[in-house]
1. Roughly how compact is region A:198-247, stated as its Cα Rg over 2.2 N^0.38 Å to two decimals?
2. When the Cα centres of region A:285-342 and region B:290-342 are compared, how far apart do they sit, in Å?
3. Looking only at other chains, what is the average number of their beta-carbon atoms within 10 angstrom of each beta-carbon in A:143-150?
4. What residue among B:276, B:252, B:148 shows peak mean-square fluctuation when chain B is described by a Gaussian network model with Cα springs under 10 Å?
5. With the Cα gyration tensor of region B:135-224 giving a ≥ b ≥ c as the square roots of its eigenvalues, does the rule (a/c under 1.5 for rounded; else a/b larger than b/c for prolate; else oblate) give rounded, prolate or oblate?
6. Within 10 Å of each Cβ in B:228-241, how many Cβ atoms from other chains are there, averaged over the peptide?
7. Can you tell me what percent of all Cα-Cα pairs in region A:5-79 are more than 20 Å apart?
8. Any idea what Rg and Dmax come out to for the protein assembly as shown if you just take the C-alpha atoms, in Å?
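Each value in this text was obtained by applying a stated rule to the coordinates, not by laboratory testing. All values derive from a computational prediction rather than experimental measurement. In this analysis, Cβ positions are derived from the backbone assuming ideal geometry, glycine residues included, and neighbour counts consider all displayed protein chains.
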DNA sequence: AATAGCACTCAACACAATAGAGTGCTAACA
DNA sequence: TGTTAGCACTCTATTGTGTTGAGTGCTATT
């Protein structure tokens, strides 16, 4: 069957209306609200065709039609218009993330919050983390007689603290010497522990062997850590009638709690950087996500890549959300550049 | 009116049953399930008295009774039995928080998670922060040509990173000299910025004035930061029938989003440290909390005090929750001592 | 090909009837 | 005088029954 331009117009009307109201759309509604110049009977026939093509479906016999995943897919790929973000929202986004933020994790939290607030959906942001972001240097700072902080800086300038305890802690100068020796080691061997080399290094700081060993352990631990995941605006989901049933709401909350699922969902993107991707309902092949859509993109922090996703009902405002997300990512990259002094 | 021992037994039966089932308790239920040796008619008379005393109330004329805030209060203060935490739960708690945790913030997160999982209520933990936890020392670590990390250590050994950017960054030795000078300054003047002294210090590092100024700004910022608040298990709340109405659930979520309300709620404790406090429903004087109870205590990290609260419906299992919370706080303090090498 | 008309379907709503849990009161009893 | 059995009464929750209205699909007509 052919997808005539009239069928497309009807499909578009159905989707537009359904996104706005959340109610199944009937033929009479379309003939009255959208000036297609054809009667409801004709629209009925066309709708029957659209249903055969799998683009729309009926919740029950005597209800109007709602778009199917396939229908939404066609809509976002070919029909969806461009939404321009109003000046004030644009400014709001920019202000919220550029005001005085010195730490990247705060920045990501603010980003998540801003997006959630503007879109009224739930937002998920993953920490920027490269698959192999090498450790570049460490620095040891004494805290008290039994503890040191190891400050680590990676290739892509991610800074992190690890507190290490040991019975015996060297003084300022020895700590500096240790830092230097370990940095030297790192530049030679990377952060995989080379038994032999590490052994000789340990020997040279024998009285502080316990601490040295802990440093090595911490260094090799760092590689294995999975990236943090922030969520925001989860409660927004409760505003949508499709989740007014407490069981459905629970399901959504359960998903948003499973950081590893979210991480994988966002990470797995075949397309290049900077592009916006959309996963509609069942397309994720996860039954728990069949009523949810995800609009996502990535941002970069040095060599590290992080992901931003917006999760809402399949009936979400794709056009607006995509635009807001794009705008946000641009601002975010600007701010990151400013912070990291690109 | 007098509170005879029989009245107390009836009140206890009502509360026990209501906590377990969530259904209003009738006189017949009590006479059958609890061996008080009196008829339902007698119990009815006593219940009428208990209602006059404000300890129980009726949702509507032909329903059973439910405890009032005042009833719960009497229960937790005078009747509630001791619950002993099962060995395996005790071990679960200990394991979850003691496995390999080097950073205090992870520890607090784990604590919140463990409590939420074991109690099936929502958990709130505030970061340990003394009212006036003085900065003790800083250390500057170069990241790249335009940025340094300032590692700060407070009197109570709280370690924090702040990234600072400046056009010009000194080399390793000068950074060390700056750290030393600023530490000296701190030990003399504390972290309130003394215009005069700071001015002369800025002069001595003139070529790096921008950086020095940022350091001072960061130092004085640190004082004003309010403590972080973690929540966990918020979704548990959805399991309780009293929140199966989506509007009520929304209300709870809204509360748990407002970190400042939570912070104040937990902070304001007149009693000493280590004690467990209970706020029942309307006792908080916050209308949004009238259907919720909070069981809370504090933990200490050096001189810093943090708070742990468990939030559930007023019909929560006070006895179990108090015990689990006590147990957890003990384990937590042990782990903290181990980490901070008390 | 488009449409008007019509019979049909089905969810949603309103309404009444019923069942059941629980109360309060009264009168009788120990 | 405290306790209890009995009974009328109340109110929610449930179930069943129309009724309404939105929407469809089919057919006959233009």
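1. On the way: Rg = 23.9 Å, N = 50, 2.2 N^0.38 = 9.7 Å.
For region A:198-247, the normalised Cα radius of gyration is 2.45.
2. 37
3. On the way: counts 11, 6, 1, 5, 7, 1, 9, 2.
Per residue, the number of nearby Cβ atoms from other chains is 5 on average.
4. So, out of B:276, B:252, B:148, the one fluctuating most is B:148.
5. Numbers: a/c = 1.63, a/b = 1.17, b/c = 1.40.
Cα axes put region B:135-224 in the oblate bin.
6. Numbers: counts 0, 0, 0, 0, 1, 1, 4, 8, 0, 1, 6, 2, 0, 1.
Across B:228-241, the average partner-chain Cβ count within 10 Å equals 2.
7. On the way: 490 of 2775 pairs.
Value for region A:5-79: 18 percent of Cα pairs lie more than 20 Å apart.
8. Gyration radius and largest Cα-Cα distance of the protein assembly as shown: 30.1, 91 Å.
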